[in-house]
1. Please work out which residue is nearest to the ligand (Cβ to nearest atom), limiting yourself to the range 164-193 and to residues that are in a loop (DSSP other than H, G, I, E, B) and of a type in the set (S, T, N, Q).
2. What is the one condition in (1) closer than 20 Å to Val102 by Cβ; (2) surrounded by fewer than 24 Cβ atoms within 10 Å (Cβ to Cβ); (3) touching a Phe, Trp or Tyr at 6+ places or on another chain (Cβ under 7 Å); (4) at pLDDT 95 or above that Ile8 does not satisfy?
3. Looking at the range 36-45, is at least one residue within 15 Å of the chain's Cα centre (by Cα), surrounded by fewer than 17 Cβ atoms within 10 Å (Cβ to Cβ) and closer than 25 Å to Ala166 by Cβ?
4. For the condition within 16 Å of the ligand (Cβ to nearest atom), out of contact with any Gly (no Cβ under 8 Å at 6 or more places or on another chain) and closer than 19 Å to Ser195 by Cβ, what is the one hit in Leu41, Leu33?
5. Run Ala205 past the list (1) in contact with a strand residue (DSSP E or B) (Cβ under 8 Å, 6 or more places away or on another chain); (2) more than 11 Å from the ligand (Cβ to nearest atom); (3) closer than 23 Å to Val106 by Cα and report the number of the one that doesn't hold.
6. Collect the residues in the range 108-163 that are away from the ligand (no atom under 16 Å from the Cβ) and of a type in the set (Asp, Glu), keeping them in residue-number order.
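The values are calculated or read from the model by the stated rules, or taken from the named source; none is laboratory data. Owing to the predicted nature of the structure, the values given are computational and were not obtained by experimental measurement. Cβ sites come from the backbone with ideal geometry, for glycine too, and all protein chains shown count toward neighbours.
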Amino acid sequence: RTTELDSICLKAEVIPVIAIQRVEDAVPLARALYDGGLTVLEITLRTDCALEAIKRINEALPQASIGVGTVLTPAQYRQAEEVGADFIVTPGTTEALYRYGVTSPVPMLPGVATVSELMTGWQYGYRRFKFFPAEASGGVKALKAFAGPLPDARFCPTGGINLDNAEDYLALKSVMCVGGSWLTPKSLVEAEDWSGIRQLAREAATRFHH
Ligand code: 3PG
């Protein structure tokens, strides 16, 4: 699992976190990000059309790695497996999710913000985490502190990350990649400005690469 997650995260320093409002936007939006060089995408279950959107993206862009995000329960985890998720992302953790994730063929990146949550995940065998909400939970300083007791944990921080502060996170040994919604601004999506989104993706992909 750790290896699977590492190989996904190695493909991208930046993972767009996406909430699809209109199902028709799903494929052109995902394609713009992919063509811009961001090949790992997190589609959140925050909108009604999310599952349908993920199905369409998987069909149209089988080469992209698709994370299904905002998974709150094992039932949603199963739905994500059914639509072909490559990995699961959760904003926080529950015992039920930790337990279910261990048995699932699809690896989970559990969301944590504290050492206690990390320790619980650690007991279940998790070594890769989402750090959320990163900026509000202490940011780079918190991650540096986590490395004291748990030096082998690796993170994808999200929440308040953008072009200006991504570098500070990526400079840490414990950070595999960062995620955020800044790559899909509402104004560009509503205007169906896919070339603008491709441009933003390209900027991020060129600036940050492994
Ligand atoms: C997430 O779930 O990762 C966040 O909603 C992304 O946070 P951001 O909108 O601050 O980038």
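1. Residue satisfying both the conditions and the ranking: Ser181.
2. With (1) closer than 20 Å to Val102 by Cβ; (2) surrounded by fewer than 24 Cβ atoms within 10 Å (Cβ to Cβ); (3) touching a Phe, Trp or Tyr at 6+ places or on another chain (Cβ under 7 Å); (4) at pLDDT 95 or above applied to Ile8, the lone miss is (4).
3. No, there is no match, as no residue in the range 36-45 is within 15 Å of the chain's Cα centre (by Cα), surrounded by fewer than 17 Cβ atoms within 10 Å (Cβ to Cβ) and closer than 25 Å to Ala166 by Cβ.
4. Selected residue: Leu33, the only one of Leu41, Leu33 that is within 16 Å of the ligand (Cβ to nearest atom), out of contact with any Gly (no Cβ under 8 Å at 6 or more places or on another chain) and closer than 19 Å to Ser195 by Cβ.
5. Looking at each condition in turn, Ala205 falls short on (3).
6. Within the range 108-163, just Asp152 meets the criteria.
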